[in-house]
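The values are calculated or read from the model by the stated rules, or taken from the named source; none is laboratory data. Owing to the predicted nature of the structure, the values given are computational and were not obtained by experimental measurement. Methodologically, a virtual Cβ is constructed for each residue, glycine included, from the backbone with ideal geometry; neighbour enumeration extends over all protein chains shown.
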C-alpha cells in the first residue's frame, strides 16, 4: 500500500509549482511561458503525472474509475501540450487593404516565418453593432474566391487554422524592412526578432513613417535608425537598407493552428469527469 | 437602460434577517430563499435591460460572488441542518454584498467591450464563481468546526465541498481557456489572473490529498480563500494583465 505521506507529497506538487508560476507571472508572463514551454519541463511534468497515476491506482482498495480518470487526464493534457508546442505553427499576419496575400506569416516565437496554408486578402474593414456591446471592428477576408467576415469571437476557420482578428492598423504601419547585420541581409516584419552575435536578439519596437525611421531594441538599449543609417551593437554593424510603410489601413490577424489542440481539452475534460464521478461517489462502507 | 438597486437592498435585508433568525429553521429558510430569489431577479432584469449577462464590472462580480456564497450556504444548510455554518456563510455573503453596494457602489449597466460577446463568457464566469462559492462555504464550515468542538465534524462535508469547488472552478478555468483560444489565439498565456486561478485550484487539490483534521482543514481553507480573493480582487486592483475590470 502506498504511504499517505507519499500521496500528500505528490498531491502538493501541483500547488507548489503553480504557486511559483503565479508569483512569477506578476512580474511578466514571459519567464513562466519560457520555463513551462520547454520540452524538459513538459517531459518532467508528464513523468510526474504518470507517477501520480500509478500511485493512485495502487492505493485503491477497490475499483474507482473517477480517481483513475482524474489522474489519467493530466497525462493526456500534458502530452497534448508537448505535441502542440512542437508541431503547431501559429503566429501573426499583417494584411494591408487591397494588397496581395503575403504568402507567409510571422511565427509566435517572433523569429521565424511560416508559409500561409491558403492565400488570404483583406478586402474591407467595417464595424458591427451588437446590443449591449460597443461597436466591434469587422474585416472582410477573401479566401479561395469567397469572402468571409471576421470579428472578435468569430474567426475564419480554414485549412486547420483559425484566423482571428487582432487589431486594425492605420496607414503608415511598418509592413517590412531590410536590415543588414554585418554581411547578412534580413527582410523583417515589425516586432520580428533577429539574432545577432552578441547577446539576445534585436527587434523593432517602433516606427516613424514621416521621418522614415525605425526604432530598434536590443536588451535595454533602444535607438532609431533612418534609411541608410548605420549603428553598432557590440561589434555588430547594422545598416537599415529600406523600409516599407503601408499606404492603406490594414489589420493584424492571429493565425491559430488548432490541429493539435483536441488532446489538451480532452485531457482537461477527463479531469472534470473524474471530479464529477468522485463527487457523487458513495462513501465506502 | 438602468436597473434599480432596490432589489439588491431588499435581498441584503432578507439575508440580514435570516442571519439574525439563524436559530429558527423555518424563517431562516424562507428569508434566505427570498434573498436569493431577489438577487436572481435582479440579475434577470439587469440582463434584459443591458441585453447581456451582468458579470463584467467589479460591482456585478461582487454581487455574483455574494449570490454564490448565499446559494452554497443555503444548500449546505438544507443538507446538514447545522445553523452555525449557515450563519457564517450569511455573514460572509452579507459582507460581500454590502461591500458591492456601498464602497464599490451601484453602477448602471454600460455597453461592454465587444471581445466579451461570446457564449463562453457566461459559462466561464458562472462556473468560476460557483466554484468560489463552494470554497467559501468550505472555509466557513472548517472555521466553525474549529471553534465549536461540540459540532459533529464530518470530514465528508469539506471533502465534498472541495470536490464540488474543484469541479466548478476547473470548468471555469477550462472554458476560459477554450474562450481565449477562440478569441485571442492562445488557450493559456500565464496571465496573472489565469495563473492565480490555477494556483487556487491546485491548492484545493492539495487539500483533498492530505485529508486533514479540524485545525489544518481550517488553516488550509483560509489559504485557499486568500488566494481566491487575490485572484478575484487583488489582480484587478493592481491592474495586472488582460483580465481586469
Scan of the range A:179-214 for residues that are more than 27 Å from residue A:118 (Cβ to Cβ), surrounded by fewer than 21 Cβ atoms within 10 Å (Cβ to Cβ) and in contact (Cβ under 8 Å) with a residue 60 or more places away in the chain, ordered by number: A:180, A:194, A:195, A:201, A:203
All positions within the range A:90-115 that are within 21 Å of residue A:259 (Cβ to Cβ) and crowded, with 19+ Cβ neighbours inside 10 Å: A:90, A:91, A:92, A:93, A:105, A:106, A:108
Among the candidates A:172, A:145, residue that is at pLDDT 90 or above, away from every other protein chain (no Cβ under 14 Å) and on the phi > 0 side of the Ramachandran plot: A:172
From B:165, B:138, B:131, residue being under 16 Å from the mean Cα position of the chain (by Cα) and without any contact (Cβ under 8 Å) to a residue 40 or more places away in the chain: B:165
Residues within the range B:94-120 that are at pLDDT 90 or above and under 22 Å from residue A:164 (Cβ atoms), tallied: 1
Residue ranges of helices (runs of 4 or more DSSP H) in the range B:116-234 with at least 2 members crowded, with 24+ Cβ neighbours inside 10 Å and more than 13 Å from every other protein chain (Cβ to nearest Cβ): B:119-147, B:214-229
Number of the exception - residue A:259 against (1) within 14 Å of chain B (Cβ to nearest Cβ); (2) surrounded by fewer than 17 Cβ atoms within 10 Å (Cβ to Cβ); (3) over 23 Å from the mean Cα position of the chain (by Cα): (3)
Residue among A:233, A:254 that is surrounded by 15 or more Cβ atoms within 10 Å (Cβ to Cβ), more than 9 Å from chain B (Cβ to nearest Cβ) and at pLDDT below 95: A:233
Qualifying residue in the range A:148-169 (condition: under 30 Å from residue A:261 (Cα atoms), more than 22 Å from the chain's Cα centre (by Cα) and crowded, with 18+ Cβ neighbours inside 10 Å): yes
Hey, residue A:57 touching a helix residue (DSSP H, G or I) at 6+ places or on another chain (Cβ under 9 Å) and either at pLDDT 90 or above or buried (at least 18 other Cβ atoms within 10 Å of the Cβ) (or both) or not: no
Meets criteria (crowded, with 22+ Cβ neighbours inside 10 Å, within 15 Å of the chain's Cα centre (by Cα) and within 24 Å of residue B:35 (Cα to Cα)) for residue B:99: no
Filter result for the condition that a residue is in a loop (DSSP other than H, G, I, E, B), in contact with a strand residue (DSSP E or B) (Cβ under 7 Å, 6 or more places away or on another chain) and at pLDDT below 90, over B:22, B:56: B:56
